[in-house]
Structures are given as structure tokens and as C-alpha cells.
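The values are calculated or read from the model by the stated rules, or taken from the named source; none is laboratory data. All of these numbers come straight from a predicted model, not from anything done at the bench. Glycine gets a Cβ as well: all are built from the backbone with ideal geometry, and neighbour counts include every protein chain shown.
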Amino acid sequence: MIKKLTLLLLLFLLAACGGESAPAVTTEEIDLATLPDTIDVQMTAALQERDDVVLIDVREQWEYDEGHIPGITLIPLSEFESRVAEVPTDKTVVLTCRSGNRSGQVYDYLNQLGYDNVHNMQGGILAWEAAGLSVEQ
């Protein structure tokens with residue numbers, strides 16, 4: 001009986017692996033209104049080139065200079081309160097930092113100010129680099 005179940009499970013797994021894959025989702029198909037508060041680096045990378053999405057790095061200038069996501073906007077945490085007007089209200093905003101901690105603080109701050117278009121990138125630039133995604137200096 002166990003051999004039959006094992007064989008059935010193996011056949012099921014082989015069939016599942018050999019089937020046709022689902023079509024890739026384009027960035028235009030991603031519904032920004034349903035994005036969770038925290039998104040992963042793969043979702044961020046998929047959204048990176050959209051005109052209706054802005055990525056903001058809240059690390060300090062020296063950290064940014066060591067390596068950052070191409071095309072990202074820098075608003076250091078130490079300057080954020082005085083530069084908050086630079087955060088767009090008409091676009092989806094993805095915040096990032098080194099590990100996701102400081103950007104999480106900025107996420108909370110912006111939510112307290114009434115921003116409902118912001119998301120935090122989980123894991124920060126460390127997760128971005130670990131995923132093998134492009135970084136520029």
C-alpha cells in the first residue's frame with residue numbers, strides 16, 4: 001500500500017513539474033491598489049520601470065554611494081521630515097533602506113501623515129543584492 005501511495009505521489013509530482021507553465025505577468029497587469037504594505041524585491045524589481053511607481057531610498061548619502069538600486073530617488077532618513085513634500089501622492093511609492101528597518105519607520109511616518117500609496121520593500125538593499133539584482137554606484 002505504501003509503495004502504491006509513493007508511486008502515485010511521484011507520478012503526481014512529475015506531472016506537475018512537466019506541465020505547461022503559467023504565462024508571465026507583465027508589470028502593467030499588476031494591480032497597484034492591491035499591493036500589500038510590505039513587498040519583496042522581486043515585486044519591486046517588476047514595478048521599477050513603471051511611470052506610476054517611485055522608489056525611494058532612505059539611507060544616508062554615504063550608504064547610497066556604496067551601491068543603490070538603479071534609478072532610485074534618495075531622501076535620507078535624517079532629511080526626510082524636511083523633504084516629505086517630495087514624496088508623490090499621485091504615484092505608488094516603494095521605500096527601501098539597508099535591511100527594511102528604517103524604510104519601515106518612514107512607512108509608518110507617511111501613513112500617520114495620511115499617505116496611503118506607500119509600501120516597504122522587505123529586506124532592503126541586502127535582499128536586493130542577495131537576489132542578484134542590479135546595483136549601481
Give the residues of region 103-137 that are aliphatic (A, V, I, L, M), over 17 Å from GLU86 (Cβ atoms) and in contact with a strand residue (DSSP E or B) (Cβ under 8 Å, 6 or more places away or on another chain), sorted by residue number.
MET121, ILE125, ALA127, VAL135
Within region 74-90, does at least one residue satisfy the condition of being in contact (Cβ under 8 Å) with a residue 40 or more places away in the chain and not aromatic (Phe, Trp, Tyr)?
no
Taking first residues from region 39-54 that are in contact (Cβ under 8 Å) with a residue 60 or more places away in the chain and assigned to a loop (DSSP other than H, G, I, E, B) and second residues anywhere that are buried (at least 18 other Cβ atoms within 10 Å of the Cβ) and not aliphatic (A, V, I, L, M), the pairs with Cβ under 6 Å that are 6 or more apart or on different chains are ASP40/GLN122
Which pairs have Cβ atoms under 9 Å, sit 6 or more apart or on different chains, and link a residue in region 96-111 that is of a type in the set (Phe, Trp, Tyr) to one that is part of a helix (DSSP H, G or I) and surrounded by fewer than 17 Cβ atoms within 10 Å (Cβ to Cβ)?
TYR109/GLU81; TYR109/VAL84
When you scan region 122-131, how many residues do you find that are aliphatic (A, V, I, L, M), surrounded by fewer than 24 Cβ atoms within 10 Å (Cβ to Cβ) and touching a Ser or Thr at 6+ places or on another chain (Cβ under 9 Å)?
2
Can you confirm whether ARG98 is at pLDDT 95 or above, touching a Cys at 6+ places or on another chain (Cβ under 6 Å) and assigned to a loop (DSSP other than H, G, I, E, B)?
no
Within region 70-121, of all residues that are under 18 Å from the mean Cα position of the chain (by Cα) and of a type in the set (D, E, K, R), the one surrounded by the fewest Cβ atoms within 10 Å (Cβ to Cβ) is ASP116
